[in-house]
Amino acid sequence: MISLSERSQNVTPSSTLAITAKINGMIADGVDVVKFGAGEPDFDTPDYIKAAAITALEDGFTKYTPVPGTPELREAIVEKYKRDNGLSYSTSEVIVSCGAKHTLYNIMQAICDPGDELIFAAPYWVSYPQQIKLAGAVPRVIETTAKQNFCMQSADVAAAINSNTKAILINSPSNPTGTTYDVENLKQIAEIAVKNQVYLISDEIYEALLYDGATHQSPASFNEETKAITFVVNGVSKAYSMTGWRIGYTAGPEDVISAMSRIQSHSTSNPTSIAQKAAVAALNEPQDAVEEMRKAFEERRDVICERFDDIDGVSYVKPQGAFYIFPDFSAHYGRTLDGQKIEGSMDITDYLLGSAGVGVVPGDGFGADKNLRLSFATSLPEINRGLDRIKEALK
Ligand SMILES: *Cc1c(COP(=O)(O)O)cnc(C)c1O
């Protein structure tokens, strides 16, 4: 038997995509499932964005573009950083890739050598450890608690830094926890990164989805020293409900940006031409649609929190952003439900799906087996129907 590469044997598939596929399979078989699995907004892409793509098609804008993205889109991104983040970049410090996931992948490929360590918090987004391993580097996970708002504390980061550290990775607002970093803590972490001259990778894909009047501050905006080592990663997927269009981008140190462009030139080349035109419209046109979606998510967050308040043995941290809640169900571990012994997040996910018709994502894949991730990117009636079922199933 011809063997697979070690690299491919060491990578595990995305658990979130796997559970979504299972849930969708059941629905296709006619089972009534309330879905909380989705890692994407449930809204349609706004019409003005679609219109820009249609125009691009009609104009024959269907050929290769420059590898790091069209000058027009990179200019729109430069403007976005200025407008939203108070950051000033030139287009040569910006690269567009096929989704922010691809952006992050390219960063890892461009900065990591075997043995390099990247520091990030658990619970974490499922792709971080896998992308780091695919680049030959080592995930250095810092466990966090609900009490810490699931955020790394600067003292823990300082303790984890060593001569192998290449970067610190921050995701605020966070997938899967919905929590955000307190600016003081973030400033201290940035200071540690500057002092030790390691990169700061700031995944800000949920920047536009913040609640309770909170505002986002990118660590790159703290000072010039921090900006010089920071990648400000963003994309159109979550803010504009454009997950399928595959446009992500980053600004960062110019030498790494050009290394990423070299790598990208031999893998995907440019991101899709017509999707780039749509992204220009998304970034340049008035942002009312974003605010409308944000408001809807905030209302849903309030409802799902209220409903969890009414369920015994489940605690949660109130999400401050994104569209996920990450409750702790571990008080129910050890129970036997429907003849099934519940010993971890996989078991309770199976139980809720099989016996209650509720699709959630186990915390295991995010490095937090006590928890389940529920996406509230779904309608209020569905949220209520699903929470009725969870309450009943845990009695
Ligand atoms: C969704 C997501 C991304 C990337 O999304 P793309 O669709 O690839 O742009 C990156 N980071 C986190 C934490 C996410 O949840």
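In table form, for the structure just shown:
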quantity: Compactness of the chain - radius of gyration and Dmax, Cα, Å; calculated: 21.0, 62
quantity: Pair-distance profile P(r), taking every C-alpha pair of segment 350-395, with 10 angstrom steps and integer %; calculated: 26, 54, 20, 0
quantity: Computed FRET value (nearest 0.05) for THR12 with TYR48, which takes r as the C-beta separation and R₀ as 51 Å; calculated: 0.85
quantity: Percent of beta bridges antiparallel (DSSP, the chain, rounded to nearest 5); calculated: 45
quantity: Packing rank of 215-224, 185-194, where each peptide gets the mean count of other beta carbons within 10 Å, highest leading; calculated: 185-194, 215-224
quantity: Sequence-distant residues sharing a close amide H with LEU200 (under 5 Å, placed H); calculated: ILE168, THR230, PHE231
quantity: In degrees, nearest ten, helix 47-58 long axis to first principal axis of the chain (Cα); calculated: 50
quantity: Segment 243-255 - phi-based ³J(HN,Hα) in whole Hz, Karplus 6.51/-1.76/1.60, Gly and Pro as x; calculated: 4, x, 7, 6, 10, x, 7, 8, 10, x, x, 4, 5
quantity: Span from the segment 67-105 Cα centroid across to the segment 262-338 one, whole angstrom; calculated: 22
quantity: Signed unit charges on C-beta, dipole axis of segment 216-350, positive-most listed residue GLN320, SER345, VAL280; calculated: VAL280
quantity: Residue-by-residue Karplus 3J(HN,Hα) for segment 82-93, coefficients 6.51, -1.76, 1.60, Hz, glycine and proline x; calculated: 5, 5, 8, 10, x, 10, 10, 10, 9, 4, 6, 9
quantity: 5 angstrom amide H check on VAL34, placed H, neighbours 5+ away; calculated: VAL358, GLY359
quantity: Spatially proximal aspartates and glutamates relative to LYS341 (Cα-Cα < 18 Å; intrachain offsets below 8 disregarded); calculated: ASP328, ASP350, ASP364, ASP369, GLU392
quantity: For the chain: relative contact order, % (alpha-carbon pairs under 8 angstrom, 6 or more apart); calculated: 23
quantity: Dipole magnitude of segment 35-154 about its Cα centre (Cβ charges: Lys, Arg +1; Asp, Glu -1), debye to nearest 20; calculated: 300
quantity: Mean separation of Cα contacts under 8 Å, 6 or more apart, over the residue count of segment 175-275: relative contact order %; calculated: 21
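Values quoted throughout were computed directly from the atomic coordinates according to the rules given, and no laboratory measurement underlies them. Predicted model only: the values in this text are computed from it and were never measured. Heads up, the Cβs are rebuilt from the backbone with ideal geometry, glycines too, and the neighbour counts pull from every protein chain shown.
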